[in-house]
Amino acid sequence: MRAVASPTARTGAFVAVSVSLFCIQLDFFALNLALPGIAEELGVDVSAAQWTLSAYMLAIGCSFIVGGRIGDVFGRRGALLAGIALFAAGSLGCALAPGLGLLVATRIVQGVGAGLVFPVSVSVITNTFPEETRARALGASFGIANIGTALGPFVGGGFTEGPGWRWIFWAMVPSALVSLCVAWAYVPDSRDDSAPRELDLVGCLLVVVGLAALTLAVERGDAWGWDHPRTLAFLGVAVAAGGAFVARERTTPHPLIDLRLFRNIPYVLVTGMGSIANMGYGVTVFVATLYLQGVRDLSPLAAGTVFLAPALCVALSGPLGARLARHMRPTAVMALAGAVAGTGMYALTYVTAWWLYVPVFAWCGFGLGLGWTYSGVATQQVVPPARAGEASGVLLTFLVTLGAIALAGAAAAISAATPQRPAEDVYDAILRLGGVAILAWSAAVMAVRQRLVALGKLPPLSLRASEGEEPLPEHRS
């Protein structure tokens, strides 16, 4: 059911969604620099304190698909309110946690809340704004969220060195409460009117178990050892649960994920491009951090200053992507993002002078940011609004899970190769491989799209903003 939203309701929905996404992004990227402070105050080593990040990633990754479908089936307004409330309660619990165990538990509460907020926020905007302004609203929301991404390291470092890491969480509580009050007052309700108010609980259990096992194996594999029985056991559980989930979704009358979604070729293309861009973003930030501090001998503050340029470009990529959507098909915007990102990653390995390194780094950040940010807008343009939460949940699951796998793979490659080769050569090889992979997928996106145009299954590229990207027949509204 599409809500007929007034301008006031649209403004309120935009504010509530933007503030909540900003808080989530700021919280996540601020905590990385706080780990040493957490370990020192709570009397644990940094490896144990790492569970505050791992538990959060575990919770948020397992909640995207379930959260998106809960919003579609039971109502997006209620799901958004529940997600923001959980995030606020988890933030308060983290600020007050006396020990690591309770801190990790409340981080899980935060992660579940964020896992509800992200996909439901996208579907709230999709179902509140008319088609002609929807992409602009989504792009602006992601742009505001990406400001949180850019500010996160500075806020985390500042609080940790100043009043303490707990203030990262204290700062989240009033912001989240503002978002909650605005959402309560203004966000209209909507849901998938064709779906009964039933949730595939067996499917939920299988997807949570599978994603939890995979996330644990990826997050802790480097510490445990990739050939350790514990790592292999978790990977085995993930494969078994994933296979059982697919079999379940094929037979249940009301699936958690309608597998016909993956017959929607534009959706698959933009999801793949967004996932690869997010993988590239995580790896590039990780490798650049090691390079700037280990090879260039910069202090953490100086390295953070270098990151300002790409962080600003990432923040701008959301609204700029929405502007591009008025003139280009979603798949074409994604392919363009891949071309910019791939060339940027590759070129970054050949520049050394600061006057060139910083703008190339910014160019790379813009392409990668546009790729993973705009994928959230693009998927909403190629699926019916009634399935917006489901489509967003699946996309976010791929973004987070594959991003974690890429980061773990890069860390393992660096650990294995640096004893035999100079660290700088290893960093360059990883970035070049990532750049080539992104460029190859970008070319594949356009090749597949042109083939579908030739077969008459998609309209040709057009500069008319109103046309968008037609979904394939089985996913027409």
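Once whole DSSP H runs in the chain are found, which of them have Cα atoms spread over 20 Å or more along the helix axis and a mean Kyte-Doolittle score of at least 1.6?
Helix filter hits for the chain: 201-224, 388-417.
Where Lys and Arg each count +1 and Asp and Glu each count -1, what net charge lies around Leu58 among other residues with Cβ under 13 Å from its Cβ?
Here the count lands on +1.
What ranking, highest mean first, results for peptides 63-73, 337-347 when packing means the other Cβ atoms within 10 Å averaged over each residue?
Order by mean packing, descending: 63-73, 337-347.
When a footprinting reagent is the concern and you count Cβ atoms within 10 Å, what order do Cys313, Cys204, Cys181 take, fewest first?
Numbers: Cys313 25, Cys204 17, Cys181 13.
Least crowded to most crowded, the residues run Cys181, Cys204, Cys313.
Just to verify a number: FRET efficiency for Ala423 and Ala233, C-beta to C-beta distance, R0 = 45 Å, to 0.05?
It comes to 0.85.
Normalised by the empirical 2.2 N^0.38 Å for globular proteins, what value does the Cα Rg of the chain take?
0.93
Starting from the Cα of Arg451, move 7 Å in the Cα-to-Cβ direction to define the label point; list residues of region 355-397 whose amide nitrogen is under 13 Å from there.
Counting only backbone N, you get no residues.
Cα-based Rg of region 227-279 per 2.2 N^0.38 Å, rounded to two decimals? Write down the numbers at each step before the final one.
On the way: Rg = 14.9 Å, N = 53, 2.2 N^0.38 = 9.9 Å.
Here the answer is 1.49, to two decimals.
Rounded, prolate or oblate, given the Cα gyration tensor of region 291-345, with a/c below 1.5 counting as rounded?
It comes out oblate by the Cα gyration axes.
Relative contact order for the chain using alpha-carbon pairs under 8 Å, separation at least 6, rounded to a whole percent?
Numbers: 857 pairs, mean separation 105.5, N = 477.
Relative contact order for the chain comes out at 22 percent.
Please report, in debye to the nearest 20, how large the charge dipole of region 1-186 is about its Cα centre when each Lys and Arg carries +1 at its beta carbon and each Asp and Glu carries -1 there.
Dipole magnitude for region 1-186 comes out near 660 debye.
Relative contact order for region 194-280: what is it in percent, counting Cα pairs under 8 Å that are at least 6 residues apart?
33 percent
Full extension from Val246 to Thr133: what is 0.36 nm times the residue separation minus their Cα-Cα distance, to one decimal in nm?
Numbers: separation 113, 0.36 × 113 = 40.68 nm, distance 3.57 nm.
Gain on extension, Val246 to Thr133, equals 37.1 nm.
Can you give the local net charge around Gly68? Use residues other than it whose beta-carbon is closer than 11 angstrom to its beta-carbon, Lys and Arg +1, Asp and Glu -1.
On the way: positive: Arg69, Arg76, Arg387; negative: Asp72, Asp192, Glu390.
Charge balance near Gly68 sits at 0.
Determine the sum of side-chain charges near Ala416: Lys and Arg each +1, Asp and Glu each -1, restricted to other residues whose C-beta is under 15 angstrom from that of Ala416. It would help to have the intermediate numbers written out before the result.
On the way: positive: Arg421; negative: Asp222, Asp227, Asp425.
Around Ala416, the surrounding residues sum to -2.
How fast does region 1-142 diffuse by Stokes-Einstein, in µm²/s, taking the Kirkwood radius from C-alpha pairs at 20 °C and 1.002 mPa s?
Answer, rounded: 135 µm²/s.
Taken together, the values in this text are just the output of simple stated rules run on the coordinates, not laboratory data. In this text the structure is predicted, and so the values were computed from the model without any measurement. Positions of Cβ are backbone-derived with ideal geometry, glycine not excepted, and every protein chain shown enters the neighbour counts.
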